[in-house]
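Down below is the structure, laid out as structure tokens.
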There are 4 protein chains.
Amino acid sequence: MSLLHEILDVHPQRIQMDKDVVSECISQLCSCRNVCIVCADACLASPDVKDMTRCVRSSLDCGDICGITAEVLLRQIEPNWKLSRKLLEACIATCRICGEECQKHADEHEYCRVCAKACRITEDTTEKLLQEVAAAW
Amino acid sequence: MSLLHEILDVHPQRIQMDKDVVSECISQLCSCRNVCIVCADACLASPDVKDMTRCVRSSLDCGDICGITAEVLLRQIEPNWKLSRKLLEACIATCRICGEECQKHADEHEYCRVCAKACRITEDTTEKLLQEVAAAW
Amino acid sequence: MSLLHEILDVHPQRIQMDKDVVSECISQLCSCRNVCIVCADACLASPDVKDMTRCVRSSLDCGDICGITAEVLLRQIEPNWKLSRKLLEACIATCRICGEECQKHADEHEYCRVCAKACRITEDTTEKLLQEVAAAW
Amino acid sequence: MSLLHEILDVHPQRIQMDKDVVSECISQLCSCRNVCIVCADACLASPDVKDMTRCVRSSLDCGDICGITAEVLLRQIEPNWKLSRKLLEACIATCRICGEECQKHADEHEYCRVCAKACRITEDTTEKLLQEVAAAW
């Protein structure tokens with residue numbers, strides 16, 4: 001069991017959503033944040049960087065927003081579900097935009113292929129959590 | 001002129017929104033981020049911290065989301081307006097929630113009064129930018 | 001293989017340190033960041049929050065600094081080793097401080113026990129990377 | 001008086017350093033963070049982006065580290081001065097590196113000139129705070 005699972009299990013406030021769905025989403029968001037940071041850096045180091053500026057930008061945005069969404073989801077004290085929904089929607093938007101941009105370069109750049117994959121998985125996982133939140137609140 | 005205004009003026013890509021509205025919004029977001037970080041810390045140091053946990057949480061969320069929204073708005077390369085809208089909406093939500101929570105404690109705690117004020121100003125400025133973005137795209 | 005490993009493997013710039021040591025350190029930093037965010041939140045939700053304010057503060061600092069250290073380490077373009085050293089030193093300091101503070105509460109609070117463990121592991125892993133960096137540059 | 005000054009003035013815990021020096025340093029760090037984010041974006045949008053990748057990288061690092069240093073300095077609850085020193089040292093290092101890199105491009109790129117200036121001011125202000133901290137603890 002990861003340390004994150006372990007500490008969420010002993011949080012004094014009962015987690016108000018399916019803990020597995022939340023944990024899975026947080027893990028994906030953190031993984032996507034890291035992959036996006038590396039993708040921006042790899043695009044910048046690529047010989048055709050001139051054609052990759054849009055991709056760098058969308059990766060920087062996606063990394064930032066995934067990181068903050070994870071941070072807000074990690075907090076269990078009286079979450080505000082309206083805010084959670086708005087933030088998850090922003091997160092889904094950034095993952096879709098970055099995933100589609102990276103997908104365009106997936107054939108030439110392996111790092112864009114990996115980043116597109118990370119974004120797709122994170123978009124799906126975040127969408128699943130959004131539906132849970134929307135159904136419950 | 002602030003260094004931020006100075007550097008936005010010489011950015012190679014023309015800023016695609018009213019520069020004054022954007023700059024004003026970014027400044028407010030940064031100010032609100034700082035005030036929220038201090039408010040969470042001040043609530044934590046207050047003798048009645050037990051009654052302030054919800055306020056700490058909403059201040060931490062608001063500080064995080066304002067900070068990231070500023071970061072995304074600072075980037076001028078081919079912004080995606082759908083994402084900008086979603087992010088501004090999340091930002092408005094967090095400012096409203098934090099502002100309302102802090103307002104409840106404004107009589108007992110001066111720092112909550114200041115934070116409520118910062119959140120209200122930031123909510124208004126962000127709402128104004130959102131309307132510009134929504135009208136244009 | 002994790003997506004992070006996968007994307008680091010195809011980065012156009014050869015990673016200038018032992019890739020396993022760097023990846024391991026980044027993973028630990030991200031895990032520690034998450035655990036610290038939850039620990040601060042759990043302390044805040046605990047009935048004895050009044051005695052936990054120092055622990056909340058050190059957890060917030062540790063989460064922030066681990067997160068940024070990971071972000072800087074993820075970038076492979078011409079790293080500046082002097083900066084890496086300074087940042088790793090700050091990271092080791094925050095992990096030690098937070099780990100020691102959490103350890104004091106480990107008997108009463110299981111989340112502090114988990115956080116103390118995360119901080120110890122991260123301190124060790126970061127120390128190991130610092131020694132690699134110091135030896136090479 | 002700025003909202004930040006206002007809220008620091010009413011924080012329940014007396015600020016343990018010269019409040020003007022701390023506030024000034026925090027303001028500079030936030031300004032430098034913003035300028036660095038814009039500089040990275042402007043370099044990326046420049047026609048000679050291929051020659052600017054190192055500058056983008058150092059600006060991204062500098063923006064991140066200034067932002068987190070401000071966040072830690074904003075918290076007044078029992079600061080750990082050893083950590084403050086280490087973090088200020090990392091911050092001074094990143095400002096120097098980014099400032100020197102931007103200075104190299106200051107003649108061709110106005111945004112690099114502005115960023116070099118922001119980094120120099122921030123390095124000086126942070127150095128001043130470090131000396132205060134080192135003298136007192």
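The values are calculated or read from the model by the stated rules, or taken from the named source; none is laboratory data. Predicted model only: the values in this text are computed from it and were never measured. Here the Cβ is made from the backbone with ideal geometry for all residues, glycine too, and neighbour counts use every protein chain on show. The protein model used for the area step is the full one, side chains on, heavy atoms only, and it has no ligands, DNA or RNA in it. Shrake-Rupley method; radii C 1.70, N 1.55, O 1.52, S 1.80 Å.
Results, tabulated for the structure shown:
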item	result
Rounded, prolate or oblate (a/c below 1.5 giving rounded, otherwise prolate when a/b exceeds b/c) for region A:1-94 by Cα gyration tensor	prolate
Most to least packed among B:58-71, D:32-45, A:124-137 [average Cβ atoms within 10 Å]	D:32-45, B:58-71, A:124-137
The protein assembly as shown, accessible surface, carbon-and-sulfur percent (1.4 angstrom probe)	47 percent
Inter-copy label distances at B:A136 (7 Å, Cα→Cβ; nm, one decimal)	3.9, 4.4, 4.4
Average beta carbon contacts from partner chains per residue of B:119-132, 10 Å cutoff	0
Between 0 and 90°, nearest 10: helix B:81-104 axis offset from chain B longest Cα axis	20 degrees
Region D:19-136, relative contact order [Cα under 8 Å, separation at least 6], %	33 percent
Label point distance in nm, A:K82-A:V21, each placed 7 Å from Cα along Cα→Cβ	2.2 nm
Candidate lysines - alpha carbon under 24 Å from D:K104, same-chain residues fewer than 8 apart omitted	A:K50, C:K82, C:K86, D:K50, D:K117
Candidate aspartates and glutamates for bridging to C:K128, where Cα separation is under 16 Å - those fewer than 8 sequence places away on the same chain excluded	C:D18, C:D20, C:E24, C:E89
Spatial separation of Cα centroids for region C:45-104 and region A:100-137, in angstrom	29 Å
Nearest-first distances (nm) between copies at B:K104, label 7 Å from Cα via Cβ	3.0, 4.7, 5.4
Chain C Cβ-axis minimum, rotational copy A, residue and distance in Å	C:C30, 3
Three-way shape label, the protein assembly as shown, alpha-carbon gyration tensor, a/c 1.5	rounded
Sum of side-chain charges, D:A40 neighbourhood, beta-carbon under 12 Å (Lys, Arg +1; Asp, Glu -1)	0
